[in-house]
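Structure first, then comments.
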Amino acid sequence: MNKIALGCVADDFTGATDLANNLVRGGMRVVQTIGVPAGPLDEAADCVVVALKSRTIPAADAVAQSLQALKWLQAQGATQIYFKYCSTFDSTPAGNIGPVTEALMDALGTDFTIACPAFPDNGRTVFKGYLFVGDEMLHESGMRNHPLTPMQDSNLVRVLQGQTQRKVGLIDYRSVARGATGIGERIAQLRQQGVRMAIVDATSNEELVAAGPAWAKLPLLTAGSGIAIGLPQNFGLKAGDASAAQLPPARGLRAIVSGSCSVATNGQVKNFLEAGGEGFAIDPLALASGADLIAQALAWAKPRVAKGPVLVYATAQPESVKAAQAKLGVERAGALVELALAGIARGLVQQGVGQLVVAGGETSGSCVQALGISRLRIGPQIAPGVPWCHAKPEVAPEGLHIALKSGNFGGPDFFTEAFTQLARA
Ligand code: ADP
């Protein structure tokens with residue numbers, strides 16, 4: 001049996017590929033599975049990232065699914081477990097970061113872990129326990145208006161403490177500046193004070209690489225994808241050769257399905273349409289009134305997709321998201337849109353799309369499920385946190401290239417740049 005070294009549990013699909021991307025870059029062979037596989041791993045890998053869709057489900061369900069993933073990863077030989085969440089610490093007062101962390105700590109019999117969403121490549125930095133998104137604090141960023149997990153407090157010690165009975169502390173920048181030794185000393189100190197989970201300050205990749213050895217002995221790490229760049233060294237691996245990220249040649253038509261309402265995705269949709277790209281908008285209120293927008297979007301796409309990439313989007317500005325939520329409720333609006341976009345993604349692939357970009361974490365989860373994808377090979381990076389991936393679901397027996405973009409990621413021209421890069425690869 002192939003034994004893995006590192007086992008990861010990610011709370012959404014784009015987050016899982018983001019983490020896998022950083023581990024591949026660091027020299028690990030990574031397989032990403034969609035949900036917990038039924039059988040053992042049948043290919044060589046140093047790490048498996050199990051992608052769940054547990055970020056916004058009830059905390060008890062998120063705990064149960066995460067424990068199931070843990071059990072499978074341990075059965076594949078994982079000696080360290082990594083719980084991956086969003087670099088903007090997406091959660092509600094009910095969780096799920098705190099409850100899942102507690103459950104994994106109990107199952108692993110460990111009394112201490114870290115929580116570090118820092119991802120400097122994408123402008124997520126943590127200083128004195130406060131999370132910054134670019135130059136703004138978390139609560140001032142677009143995340144304050146997120147449809148499902150609005151983040152209105154930037155102090156992560158406080159946010160995490162609100163989700164757990166265990167004492168939360170801080171490994172601050174002074175310890176981090178002293179590298180693994182400074183961090184090790186701070187961990188010993190915090191442990192003595194009864195702290196069980198510690199937020200970690202980090203503002204640069206250099207700090208994250210230097211911190212890596214400090215995490216070697218912790219059975220559980222909880223983080224965004226940033227700390228992953230310091231981990232492969234702990235398993236005797238070095239930044240790998242490019243062949244580790246090689247995918248089969250691109251084929252088929254091109255499409256984008258966007259359900260993210262983040263500031264970045266709104267900009268990417270605008271950019272694509274203004275550059276003359278073809279787009280079809282999905283209105284949640286029309287969906288609620290029973291309109292068959294899946295059929296309409298697919299009929300619209302059919303003559304257009306043969307000519308170039310098409311975009312189907314529910315992406316909207318905060319005011320219009322709020323208006324839809326006020327009428328339908330937050331969950332129903334989200335679920336209606338996700339279901340429609342997932343049906344459209346499947347229909348587009350059936351129309352011959354072989355290169356698909358999906359924008360939005362929850363949206364990606366729904367699309368991947370509707371496409372029947374159970375495993376992804378991780379390829380080259382398009383933008384920090386977003387690699388091209390390759391899958392062979394039943395609906396695309398010749399193979400499908402798919403990029404799962406977390407809402408906030410990617411530059412303004414991401415939708416065109418992704419296809420250009422794939423053609424070059
Ligand atoms: P992100 O990665 O930006 O967080 P997600 O896909 O995870 O994006 O979350 C966006 C949520 O908003 C999804 O549940 C999606 O269905 C929902 N949504 C998308 N468009 C609209 C809209 N116009 N009105 C209300 N909700 C929407």
Counting as exposed only GluC sites (Glu not before Pro) in DSSP loop states with no more than 11 other Cβ atoms inside 10 Å, the longest exposed-site-free span of the chain is 44-393
The convex hull of the Cα atoms of the stretch 1-103, divided by residue count, gives a volume in Å³ per residue of 86
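Which whole number of Å³ per residue matches the convex hull of the alpha-carbon atoms in the chain?
Per-residue hull volume (Cα only) is 126 Å³.
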Farthest towards the positive end of the dipole of the stretch 1-148, among 133, 101, 10 and with Cβ unit charges of +1 on Lys and Arg and -1 on Asp and Glu, lies the Cα of 10
If each part is reduced to its alpha-carbon centroid, the stretch 233-312 and the stretch 71-142 end up apart, in Å, by 27
With DSSP loop assignment and no more than 11 other C-beta atoms within 10 Å, the trypsin sites (Lys or Arg not before Pro) in the stretch 292-389 are 307
If the chain between residue 283 and residue 189 were fully extended at 0.36 nm per residue, the gain over the current Cα-Cα distance would be 28.5 nm
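Would you calculate a helix-derived [θ] at 222 nm for the chain, using -39,500 (n - 2.57) for each DSSP H run of n ≥ 4 and dividing by the full residue count, to the nearest 500? Intermediate values should be presented prior to the final figure.
Numbers: 14 runs with 156 residues, N = 425.
Here the helix-only value at 222 nm equals -11000 deg cm²/dmol.
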A student applying the Cα gyration tensor rule (rounded when a/c is under 1.5; otherwise prolate if a/b is larger than b/c, oblate if not) would label the stretch 6-241 rounded
At R0 = 45 Å the Cβ-Cβ FRET efficiency linking residue 270 and residue 174, nearest 0.05, sits at 0.60
Relative contact order as a percentage, the stretch 295-425, C-alpha pairs under 8 Å and 6+ apart, gives 20
Rounded to the nearest 0.05, FRET efficiency between residue 74 and residue 307 (Cβ-Cβ, R0 35 Å) equals 0.10
Exposure proxy check on 419, 127, 409: fewest-to-most Cβ neighbours within 10 Å is 127, 419, 409
Computed over the chain: longest principal axis from alpha-carbon atoms vs helix 318-328 long axis, angle to nearest 10 degrees, is 80
Those chymotrypsin sites (Phe, Trp or Tyr not before Pro) from the stretch 226-316 that are DSSP loop and have at most 11 other Cβ neighbours within 10 Å turn out to be none
Ordered by number, the trypsin sites (Lys or Arg not before Pro) in the stretch 174-283 that occupy a DSSP loop and have at most 16 other Cβ atoms within 10 Å are 178, 217, 238, 251
The residues 3, 84, sorted from fewest to most surrounding Cβ atoms within 10 Å, come out as 3, 84
Least to most buried among 146, 401, by other C-beta atoms within 10 Å and fewest first, runs 146, 401
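Coordinate-derived values only; no laboratory data. It should be emphasised that the depicted structure is a prediction, and the values quoted were computed from it without experimental measurement. In this analysis, Cβ positions are derived from the backbone assuming ideal geometry, glycine residues included, and neighbour counts consider all displayed protein chains.
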